[in-house]
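Report on one structure; see the data block that follows.
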Amino acid sequence: QAIYGFRGADVHAYLDAARAAGADHQLTLAENWRADGALVDALHALLWPLRLGDSEIRYEKPLTPGALRGQRMVLGAEQGRSAPHMRPLRLRLVDHDAPELVPTKEHLVTKRSAQLWVATDLATDISRLLASGVRLPGADRPTRAIGPRRGTDGPGTDRPLSAGDIGVLVRTNRQAVIVQDALRLRGVPVVVAGAQSVLSTVSAQHWLQLLSALEQPSSRSSAVAVALSDFIGLSAGQLAQAPDARWEDLHERLHEWSAVARAKGVATLFSHIAAQTQLPVRLLETAEGERRLTDLAHVSELLHAEARRHQLGLAALRAWLARHVEDQVGEGVDAEQRARRLDSDADAVQVLTVHRAKGLEFPIVYCPFAWDGTAVERAGGPIVFHENEGGGARKLDVGGDGQSPAYKQHYRAYQAERRGEELRHLYVALTRARHQVVIWWAPVRDCQHSALGRVLFSRDAHGEVSASGLRSAPRHDAVRQRFDAVAAAAPGLVSVEAPRWQPVVEHLAAQAEDDHVASAERERRAAALSAAVLGRDFDQSWQRASYSGMVAEAATRARVGDRAPLVSSEPEASVLADEPMPQVVPTEWAALGEAVPGHPWEVAPVPLGPVPSGAEVGTLVHSVLEAVDFTERPLRAAISTALQVATTRYAGPVLPSEGLVEGLAAALDAPLGGPLAGFALSSLLRKDRVDELRFEMPLAGGDRPRGTVKVDALAEVLGRYLPAGSPLSGYPDHLRGLGPQALRGYLTGSLDLVFRACTPGGDARYFVADYKTNRLAGKDETLVYGHYRADALAAAMVHSHYVLQALFYLVALHRYLSWRLPGYRPDVHLGGAAYLFLRGMGPSVAGAPAGAGVFWWCPPVGLVEEVSALLASPASGPREPQC
């Protein structure tokens, strides 16, 4: 690998090792076991003598050919070895006056027009070759590529050339696409195996849209994106004319898919969607369907693997995909896993980059763009090079002004190394073939600096190739003379060809007889097949559960007829707008949503009143508060800056920015009340807070489950600890309304804020805070602070199952502190949970109590410990908490 610099290897490390070993310990392969003798001779005429970017890396002709000695392609019964298109090395010279080429100046054409022209000529040539009756020797080995494998006949026989015997080697993925398009226009089967990341494709974008929609199945904008993606496949016109019933069906389907993903994972979700929406049938009816279907399946496997590796929920999985879609490609093993796969296992021409071709071989290799050199970084920027002195140390020159003599010397060394690498890549490309290599030359700007241009015109008698080519591109006659000289050095083995432009003619490969034989063989094999039987059961109750998943499952049942309440962590509208509130508070308290005048602060409008509600807004607010340093001054300016950054990816309703900044600043400045009395978040230092603390807790034994955790058991424990008359005393009965859910596997979640603060007694305690943007009023009602009185908050806590969420969060914090805090005592250090209903916080009106808009729950330590033990091992009682 080192000699070609692949996979980040350093050719200088190889050279140092070779010098250290000494000449007596350097071995060279004497035989070429890949190419036939004629091709070896033809390439020798082109390459001898040659130093591959360094005087110590020499091209040497093998002394004798290996197993393919004398094995040549033949042209049907005519044995037409002397036909030009049968010669081992074919050099095709494009004239600058050829039709369809776009001239730039004398004797040159644009690179884009040359790429299209050569790709078209390549497709025409391959089409003719496949129809010409060419046969390969029977001793030819199967193609060692990532496409189809074929067996071979015995010695002395031959077989027809097929599309899978042809490899087209290019430098970039963009060039690969150009070749692919040209071959498809002629009906030639083709697959591309490039280094492009599957995460840079449209299919990855479709998966990102789907995961976003599964987080928010009721969001109209998310549903639109999924409807237009391959998963649903509606056109813009169909979507514009869709009736309400179709939208309802779409949202119901997203809810269903969300439940499948949470319960069974992404791989099962993809199979479920494919079966439900006839995804393969729909896509395979389109021109690029096979490619898109392959990419969708590939992304699903990456997501499934990432979810299993790091135990990610939907939200975390979406964040992972969004980050890598933006980066497009990773490094090392991940980059290999994300490289786009072949979209077909059919017998097809394989188009791939030279990097991907390392170690592979093909009977016939086409190199259409050897005249197109790699761009070298301009002088002035950072460069990496090896010093000539000091043992060839690898160094970085950051450039500066790029005018110093030392930098100019370093730049020349850098340029020479890059150009030397290009020579080695050319050598790799030319030596992938067993029988034939086809090369083009096109007159474009800087073609003389390409590896092929420098081999032809900038090589001395000792094989040393200069880092730069001629001062200007060689003229057509000069290239022709050089090609003729190569042909003269290997008589009968090299053809110099002047391709002619022809319009597109579809390739018609008539193989009716072969198809008939293949069909009969498939039928015979199918008759002998029988269905496999799965002899083991899967634990379908094992899952990665969460508060939101439990609530979503109840919501799904509600849509199909259950009586469980439909709730959301960040509801789209008031919890009173469409649903009755449970009777969980004393009847003398005012009903939620009715602001009863009595104190001036209760009737004052809240700053966040005009801010729309909904999950998108809630997500935006969370990201802003996570980014803001609460102690920064002026606080409003810090919030405004964070809001500007967060809104670059915000796709929700229009926001009144000033009102949002003012409301959040008021909330952060507001005293929290409860056990912290006058303490406000604006006094909380960064070192005393952790944002978005993720947790994974084993349920009923985790990977080795013992029994299940039942919702009824949680309700029973809560009932014993919540005293009568408490604002939350009715919650256990409400919790049972989630239905007969039984959990095993893992419980996952993310704590908005964990912080450390001193109570008025002077004790440092640890608290959980959760941000809520719920609008606790009717849709058309003016939002006032009175909507967030203590009784209203208690009702919202019960109705939306925030009590269950807070309990899970306190258990997670309890376990975290028990592992991380020396001398941890829950009765001393575990503070409680504060639910911050941000819209109701921070009234500046006189008489407002400390903690307005904040619901505090500081449950007994015994409740937290008992629930922790129940989650860990419901079958055998309390156990040591697991990590």
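When each of R282, R291 is tested for being part of a helix (DSSP H, G or I) and at pLDDT below 85, the lone residue that passes is R291. All told, L396 falls short of being in a helix (DSSP H, G or I) and under 36 Å from the mean Cα position of the chain (by Cα). I'd like to check something: does the stretch 407-425 contain any residue that is in a loop (DSSP other than H, G, I, E, B) and either of a type outside the set (S, T, N, Q) or open to solvent by 20 Å² or more (accessible area, probe 1.4 Å) (or both)? No: zero hits. Would you call G618 touching a Ser or Thr at 6+ places or on another chain (Cβ under 8 Å), on the phi > 0 side of the Ramachandran plot and surrounded by 18 or more Cβ atoms within 10 Å (Cβ to Cβ)? No: the conditions fail for G618.
Quick check on my filter: what residues within the stretch 179-206 are modelled with pLDDT of 85 or more, touching a Lys or Arg at 6+ places or on another chain (Cβ under 9 Å) and part of a helix (DSSP H, G or I)? Matches in the stretch 179-206: V202, S203, H206. Residues in the stretch 633-684 that are basic (K, R) and under 22 Å from Y835 (Cβ atoms): there are none. Checked against (1) within 34 Å of the chain's Cα centre (by Cα); (2) surrounded by 14 or more Cβ atoms within 10 Å (Cβ to Cβ), P382 passes all but condition (2). Restricting attention to the stretch 696-737, the residues that are in contact with a Leu (Cβ under 8 Å, 6 or more places away or on another chain), among the small types (G, A, S), touching a residue at least 40 places away in the same chain (Cβ under 8 Å) and closer than 15 Å to V798 by Cα add up to 1. Of all residues in the stretch 799-821, one or more are among the hydroxyl-bearing types (S, T, Y) and open to solvent by less than 10 Å² (accessible area, probe 1.4 Å).
Against the definition (open to solvent by less than 10 Å² (accessible area, probe 1.4 Å), closer than 27 Å to R789 by Cα and either without any contact (Cβ under 8 Å) to a residue 12 or more places away in the chain or of a type outside the set (D, E) (or both)), how does L743 come out, yes or no? No: the conditions fail for L743.
Could you list, in sequence order, the residues of the stretch 467-487 that are closer than 15 Å to L452 by Cβ and outside any loop (DSSP other than H, G, I, E, B)? Within the stretch 467-487, A478, V479, R480, R482, F483, A485, V486 qualify. For the subset of the stretch 283-310 comprising residues that are buried (at least 17 other Cβ atoms within 10 Å of the Cβ) and over 17 Å from the mean Cα position of the chain (by Cα), which member is farthest from A193 (Cα to Cα)? By that ranking, first place goes to L283. Restricting to the stretch 751-769, give me the number of residues that are touching a Ser or Thr at 6+ places or on another chain (Cβ under 9 Å) and not aliphatic (A, V, I, L, M). Total meeting the criteria: 1. Just one of (1) open to solvent by 10 Å² or more (accessible area, probe 1.4 Å); (2) closer than 24 Å to K687 by Cα fails for D770. It is (1). Is one or more of the residues making up the stretch 773-794 open to solvent by 10 Å² or more (accessible area, probe 1.4 Å), aliphatic (A, V, I, L, M) and touching a His at 6+ places or on another chain (Cβ under 8 Å)? No, the stretch 773-794 contains no residue that is open to solvent by 10 Å² or more (accessible area, probe 1.4 Å), aliphatic (A, V, I, L, M) and touching a His at 6+ places or on another chain (Cβ under 8 Å). Going through (1) open to solvent by 40 Å² or more (accessible area, probe 1.4 Å); (2) at positive phi one by one, A700 falls short only on (1).
The values are calculated or read from the model by the stated rules, or taken from the named source; none is laboratory data. These numbers were taken from a predicted model, which means no experiment stands behind them. In this analysis, Cβ positions are derived from the backbone assuming ideal geometry, glycine residues included, and neighbour counts consider all displayed protein chains. These accessible areas exclude ligands, DNA and RNA; they are computed on the full protein's heavy atoms, side chains included. Shrake-Rupley method; radii C 1.70, N 1.55, O 1.52, S 1.80 Å.
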